[in-house]
Structure formats: structure tokens, C-alpha cells
Amino acid sequence: MCVIIYLGGSMQIKSYKKGPKNTYILTIDNDKYTIYDDVIINNNLLLKKSITKDELNMVLNNNDTLKCYYEALNYLNRKMRSKKEIYKYLKQKDYDIKMINNTIEKLEKQKYLDDNKYVNAYVSDIIRFNNYGPNKIRENLKNLGIEETLINNKLLEIKEDTWFNKCQKLAIKKEKANHKDSPKIKKEKIKQYLITNGYEIKVINSVLENMNFKFDIDALQKEYNKQKLRLSKKYTGEKLRYQIEIKLKLKGYSEEEISKIVDL
């Protein structure tokens, strides 16, 4: 922020020098100010040889207002933003709250800032490029300051088949990546994973019901060998067999599955 409080008096405008982008560097008395050309024109500074301290304060305030707007516009040019994101960004830049609100209002009038369009673009991108379900999307958008009504209206436009297919694809990928767990534990882990990614319980249950969680005897044998090696240091005979069975059941294996182990 460049606003400086002066008390009365008049100062000489000594020179103008082209600055970066659309600015000029003004030398007023012994001080230099970087002022946007629009501010110079709007305040008729090119026609003046002197400026009062009150006028300078007004020029600096106008300049900060325009700088606030340009910074917000530049931030928006990188990607679409919500109103809350713009507010937070400008607040971190130490702009006055009134100036920030005026900037947001101006951007909305110019259609550069539109939370409804933001929601549409955000949800469309998630559907195409991300694995998030509706609950995760809703949470993220609420954190970005989007009104819940806008969020719900957009999510209601998405067909249930879309969520089912995305959820199913994610579940199958997770199942293929997990070879060591029992079918029961694998199913529980996938369910929790899908909940974390924001899918509805009814959709998750429907997906899991349509999946075939195959029993992997090799995975069970490896787990058995690992437990036997560890527990045999402490137990032998029937006690060892009993302790191994307990550990395998805790891993989600049933008695029928455990009975298939060769040397148990």
C-alpha cells in the first residue's frame, strides 16, 4: 500500500519517466512514485506542475485501487477463482477490505468473476480428470467459499451412472494394486478408500456387491509363513498353531480358508 498521510501544503511535480508496463515514475519534490497511466490521465496530472498534499493522497489511493484490481485480474488470468480465493489473495497483499470488496464487485460486473461458472468448470474438470466423488467435491467447493445451493444444483445435474462408473473404476484399480490382504480386509480397505474420496455409501455398496474378491491361496501361504517364522520363536506345537490361526483370522481369513494351508 502506498497511501501516505500529508497535512496541507503544495509540492512540485518535477518529472515523468516511463516505468514498467503501464506505469510512470513521478518525481514529486524529492520523492518518487510509481503511478498507473490511467490514474495520471484521470487526475489530469500531465497538465499540472504542482500538486497539493491532499491531491497526492487521493492519487495514491486511486493508484492502490487500480493496483488491487490489476493484481486480482492477473491472479484470475492464471486460472478461474472463487470470490473467496480472490478475497484471501488480496487480503494477503494487505489491501483495505473496502478496496477488496469494490474490486470483487467490479470483477463480477465485468463477468471475470462468477461463482456459478466456477462451480460448473470445477465439477466438469473433476468428472473428466479426477477420482473425487460428490461428497469430496462438495467439501472442496465449500472450503472455497461457494454457496451450498450452487454446489447442490450442479451435483444434481450429474447422472447416478456417472458416479457409479467412476467409483467402480477406482475400486477395481485399488483392488488390483492390493495382492497381500484377505478378501474381507481388501473389501474393507477399498470401502474406506472410496469413502475418503467422497463417494456415497449406497454407491460404494453397490460397486462392492458387483466385485469378485477372489481368495488368493498364495497370499495366505505367504502370510502364514511370515507368522510362523515370527511366532515360532515363542511358541511350539499346538500353541504355535493356535497363535498362527488367531493372527490369520485377524487378517480377515476364515477358518475354511485357513484350513487350505498345506502344513497347518
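One line per residue, one yes/no per condition, for (1) in a strand (DSSP E or B); (2) at pLDDT below 95:
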site	(1), (2)
LEU26	yes, yes
ASP38	no, yes
ASN61	no, yes
CYS68	no, no
GLU85	no, no
Residues satisfying the stated conditions in region 214-242, i.e. touching a Lys or Arg at 6+ places or on another chain (Cβ under 8 Å) and farther than 17 Å from LYS186 by Cβ:
GLN227, LEU231, LEU240
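Out of the residues in region 55-102 meeting the condition of being among the polar types (S, T, N, Q) and under 24 Å from the mean Cα position of the chain (by Cα), tell me which one is nearest to ASN140 (Cα to Cα). Spell out the reasoning first.
Taking region 55-102 as the starting set, the residues that turn out to be among the polar types (S, T, N, Q) are 57, 61-63, 65, 74, 77, 82, 92, 101-102.
Remaining after also requiring under 24 Å from the mean Cα position of the chain (by Cα): 74, 77, 82, 92, 101.
Values: ASN74: 23, ASN77: 21, SER82: 12, GLN92: 21, ASN101: 23 Å.
Out of the qualifying residues, it is SER82.
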Just name the residue that is surrounded by the fewest Cβ atoms within 10 Å (Cβ to Cβ) out of those in region 74-99 that are among the aliphatic types (A, V, I, L, M) and farther than 18 Å from ASN116 by Cα.
ILE97
What do you reckon, is LYS233 in a helix (DSSP H, G or I) and over 30 Å from ILE127 (Cα atoms)?
no
So the check is Cβ under 6 Å with 6+ separation or different chains; which pairs have a first residue in region 102-126 that's on the phi < 0 side of the Ramachandran plot and a second one that's among the hydroxyl-bearing types (Ser, Thr, Tyr) and assigned to a helix (DSSP H, G or I)?
THR103/TYR69
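Kindly establish whether LEU113 is aliphatic (A, V, I, L, M) and over 23 Å from LYS202 (Cβ atoms).
So LEU113 fits the description; yes.
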Does LEU73 count as in a helix (DSSP H, G or I), assigned by TED's automatic domain parsing to the domain that holds ILE100, of a type outside the set (Gly, Ala, Ser) and modelled with pLDDT under 95?
no
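Of the residues LYS159, LYS180, which is out of contact with any Leu (no Cβ under 8 Å at 6 or more places or on another chain), within 17 Å of LYS202 (Cβ to Cβ), surrounded by fewer than 19 Cβ atoms within 10 Å (Cβ to Cβ) and among the charged types (D, E, K, R)?
LYS159
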Conditions: (1) assigned to a helix (DSSP H, G or I); (2) surrounded by 14 or more Cβ atoms within 10 Å (Cβ to Cβ). ASN205 meets all but one. Number of the miss?
(2)
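The values are calculated or read from the model by the stated rules, or taken from the named source; none is laboratory data. A quick note: this is a predicted structure, and the numbers were derived from the prediction, not measured. Cβ: placed from backbone, ideal geometry, glycine included. Neighbour counts: every protein chain shown.
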